[in-house]
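Undergrad: One structure, as structure tokens, below. Some questions next.
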Amino acid sequence: SVKVKVEYLHGGPSYVCPIDLPAYRAAEKAYSEVYGKEPVPVRSGGSIPIIATFEEILGIKSVLMGFGLGSDAIHSPNENFPLQQFYNGIRTIPLFYNYFAKQMKK
């Protein structure tokens, strides 16, 4: 038989971004413009405990915008990030700021 000892070291609260936020809608529009397709909201990600703290302390919601692909092999010896995704990110973020500013004026 095998004995396994698990020691809890640390953790952080989870976070789910509401898809009815003005910032989410702005991100959705920016992604759509750059990629030519409507983004599909998915629940995924890693551990970014500070996001829940932002909400708790600052009283604001966060929108996490990623450009990585499932095939990027993140945190592995052959981790990679396609240049096209990098360039798409460069195009998407300014659009997001523009659309978000317009959303907040409504």
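Laboratory data are not the source of any read-out in this text; all were calculated from the coordinates shown. The shown structure was predicted, so the numbers you read here are calculated from the model rather than taken from an experiment. Quick reminder, even Gly has a Cβ in these numbers, built from the backbone with ideal geometry, and neighbours come from all protein chains shown.
Undergrad: Neighbouring Cβ atoms within 10 Å as the yardstick, rank I93, I51, I57 fewest first.
TA: Arranged by neighbour count, lowest to highest, I93, I51, I57 become I57, I93, I51.
Undergrad: Of V6, P82, G59, which is farthest along the charge dipole of the chain in the positive direction, counting Lys and Arg as +1 and Asp and Glu as -1 at C-beta?
TA: Checking the options against the dipole of the chain, the answer is G59.
Undergrad: Mean residue ellipticity at 222 nm from the helices of the chain, using -39,500 (n - 2.57) per DSSP H segment of n ≥ 4 over the full residue count, to the nearest 500 deg cm²/dmol?
TA: -12500 deg cm²/dmol
Undergrad: Number of Lys-Lys pairs in the chain under 22 Å by Cα, sequence gap 8 or more or different chains?
TA: Value for the chain: 9.
Undergrad: Specify the inter-centroid distance of the range 53-106 and the range 2-39, based on alpha-carbon positions, in whole Å.
TA: Distance between centres, Cα-based: 10 Å.
Undergrad: By how many degrees, 0 to 90 and rounded to 10, does the Cα axis of helix 22-35 deviate from the longest principal axis of the chain?
TA: 80
Undergrad: Grab the beta carbon distance between S14 and I93, set R0 = 22 Å, and tell me the FRET efficiency rounded to 0.05.
TA: Taking R0 as 22 Å, the efficiency between S14 and I93 is 0.35.
Undergrad: For the chain, divide the Cα radius of gyration by the Kirkwood radius and give the resulting Rg/Rh value with two decimals.
TA: Result for the chain is an Rg/Rh of 1.07.
Undergrad: Next question. With charges only on Cβ, +1 for K and R and -1 for D and E, what is the dipole size of the range 1-74 about its Cα centre, in debye, rounded to 20?
TA: Here the size comes out at about 220 debye.
Undergrad: Same structure, new question: Tell me the Rg and the Dmax, in Å, that the Cα atoms of the range 57-106 produce.
TA: 14.9, 47
Undergrad: Still on this structure: If neighbour count is taken as other Cβ atoms inside 10 Å, put T53, T92 in order from fewest to most.
TA: The most exposed by this proxy come first: T53, T92.
Undergrad: With an 8 Å cut-off on Cα pairs and a minimum separation of 6 or more residues, tell me the relative contact order of the chain in percent.
TA: Worked out over the chain, it gives 35 percent.
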